[in-house]
Structure formats: structure tokens, C-alpha cells
């Protein structure tokens, strides 16, 4: 397969791709390492002694940051990609290898095709990592973060509220995910004209006769239809179906919505279709990985066609374009989440504007 007269993955493509891969892993260590240092500096209380006077367990801290590394990567992945691409082009220019490509009839646009393929792979990788890390690593990472933050054993979440697709509202004064236990359960819903309210001092998630559900202690079911009301004791919650995982997801959506995966956002949006936060973040988790490609479009043209000695100026302009992109991207996301802009418009506007600008810059590239 040939692109612009040059065989795809030929010697030139392999050479440039090799430079990019090396620069990518170097940038990955630098950028993610810096993100880890910033996170450590902002959470120094993790290292404080626990309530029993013992020092903070080093093994837990190391395990936490090992599990948290993929999530930090997702926050900075486009920076890693654009940094690696800029380093690659600068190295090619410094050794006059781009000039050699041009003299051989290979345009600058064709020469950087491996960089854009790398950016596309990085975008796809972000989606895969987000789904994998959220499902496989997220619960354990969250449990360790709670332990390090509270300095005590036992995972407890306070004031957890959720809605299901049937419109029921479930609340837990205290939720203990490790034990599958709720202290202070409240459930509100409707069955046709009948309003129901369920309360229980305590609830345990267990299996009975092959069916998993919530066993209630001091449970009470109240039903109200018009002017008629009734009340009875309730030992098993069968009117509403939810799991400890559903409560964990609801708490995550309330406190750390940016860490939600696409599949999790899909579940939460189905339960609450009018929540603009979930709709905006769903689109944002699609558009943010595209920054791996868009940033290349709006930065690489500034490194070509410049006189010797003015490469730093090009890097400065490229860095400024990155700052502008992320500032406007942040503003658009915030406006979408608070309802000032439609979620679709707020998430895609910056990508489309900067992507179009990048295409124009590349079309006008003088090489």
C-alpha cells in the first residue's frame, strides 16, 4: 500500500515510527511521573501515622499508586503524544533528515504520517485503558484511597444516593462495600398510583434460595394510595433490585464523575436521562482521546518551514496552541455540565474548530 507515492511502513516510516515510539515512552515516564509527584505532593496526609500510632503502610501506598497510574495517564495522555511528536520532528530537523526526505521527493505531510498513526493508536488506547482500568482496577484503587485517606481499616461511604431505571430513589446513610452492608436504608418509589417508602435500620446483601438481594433488619414498608395508607414489617427487599456495585457506581458518579468509563456513564445516563453531567462526560470521553490527533494537527505545522535557529520559536507557538486547546476544552466541558451549552455542542465544538484549523495549517504547509 502506497500513500503519496511512498510505501506505507517502508524504511522511512519504520525509522520515523521508531523515533516516535522511543520519544513516546520517554515522554510517558516524564509526564506521568510528574503527575504522580504532583498527586503525592497534594496528598501528603496519606503518609501520616494511622489512628493506632503505626506509620502508614508503605506497601499500601505503593500498591495504590501502581493502581492509580493508569488513571493519571488518562489525564495526560494527549500531552504525552504531542510531546513525543514534537521531540521526533525536532530531532529529524536537527539532523537535517527532513531536508533529505524533501530532496528525495517525500513531502513533510507524508513524512509525519507515522506520527498521526501513533496518535490514532494512542486515542484508541485511551478508550481501552479507561474501560479496563475502571472495571478491573477501579474498585481496589478506590478502597485503598479510602484507607489511606481515613487512616483506618474498613471501607465506608456516607450519604450514598442513587436512582434506578424504574425511577426509584435509594439512599444509604452508611454503606460498607467490603461487607455488603447498609446502615440506614431508605427507598422511595411509585407503583402506579401507589407511593411506597421503605426504611430499614440495617441491610445485608446476601443470597437466599439462589437469589441475591437485601435482607433487612427492622425493615418497614409504607404504602400510600390517595387517602389510604398502610404499613407492615419487611424482612426482604423485593420491591427494588440493586446491588452493592450499583451503590458504588452512584457514589463514584456523584463524587468523581470524571473517572467514569463510557459503559458506566451509559448506565448512569439510563437511570437519570436528564442529568446533563453524564451526557456531557459521555461525549467528552469520546472527544478527549481525539486530542491525540488534533494536537498534532495544530502543532506540527509550526515546526516546518522555519529558518535555522528559529525552532524554539516554533515550539513556543506549538505550546501556546496546546494551552489554548485545553483551556477552551475545559471551558466547554464546564459549560456543558452546568447546562449553559448543549452537551453535544459543548464536547465537540473545540475538537471540530481546532481540527479544522489544523487541516488548514497542514494544507498550507510550505515544504
By per-residue mean of other Cβ atoms within 10 Å, what is the highest-first order of 331-338, 281-288, 35-42?
281-288, 331-338, 35-42
Apply the a/c threshold of 1.5 to the C-alpha gyration tensor of segment 275-367 and tell me whether it is rounded, prolate or oblate.
prolate
So what's the back-of-envelope 222 nm ellipticity for the chain, counting only DSSP H runs of four-plus at -39500 (n - 2.57) apiece and dividing by all residues, rounded to 500?
-19000 deg cm²/dmol
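For segment 66-165, report the translational diffusion coefficient in µm²/s to the nearest whole number, using Stokes-Einstein at 25 °C, 0.890 mPa s, and a Kirkwood Rh over Cα pairs.
Answer from the Stokes-Einstein relation: 141 µm²/s.
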Quick one: check the C-alpha center-to-center distance for segment 316-367 versus segment 114-181, whole angstrom.
29
Cα-based Rg and Dmax for segment 170-286, where Dmax is the largest Cα-Cα distance (Å):
16.3, 50
Between 64, 274, 73, which gets the highest mean-square fluctuation from a Gaussian network model of the chain, Cα cutoff 10 Å?
274
For the chain, modelled as a Gaussian network with Cα springs under 10 Å, which listed residue fluctuates most, 244, 70, 273?
273
Taking N as the number of residues in the chain, the ratio of its alpha carbon radius of gyration to 2.2 N^0.38 Å works out to 1.27
Using alpha carbon centers only, segment 194-250 is separated from segment 12-46 by a whole-angstrom value of 49
Going by alpha carbons, how many degrees (0 to 90, nearest 10) lie between the helix axis of 58-94 and the longest principal axis of the chain?
20
I need the per residue convex hull volume for segment 28-90, using only the alpha carbons, in cubic angstrom as a whole number.
79
What angle do you read, to the nearest 10 degrees and between 0 and 90, between the alpha-carbon axis of helix 262-271 and the longest principal axis of the chain?
40
Report, as a whole number in µm² per second, the diffusion coefficient that Stokes-Einstein gives for segment 1-151 at 20 °C and 1.002 mPa s using the Kirkwood radius over alpha carbon pairs.
119
Name the most mobile residue of 293, 351, 220, meaning the one with the largest mean-square fluctuation, in a Gaussian network model of the chain with Cα contacts below 10 Å.
220
For segment 261-284 and segment 59-98, what is the separation of their Cα centres, given in Å?
29
For 252, 91, 150, what ranking results if the residue with the fewest other Cβ atoms within 10 Å of its Cβ goes first?
150, 91, 252
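We did not get these values from a lab; they are worked out from the coordinates using the rules stated. These numbers were taken from a predicted model, which means no experiment stands behind them. Don't worry about glycine lacking a Cβ; one is built from the backbone with ideal geometry, like all the others, and counts go over all protein chains shown.
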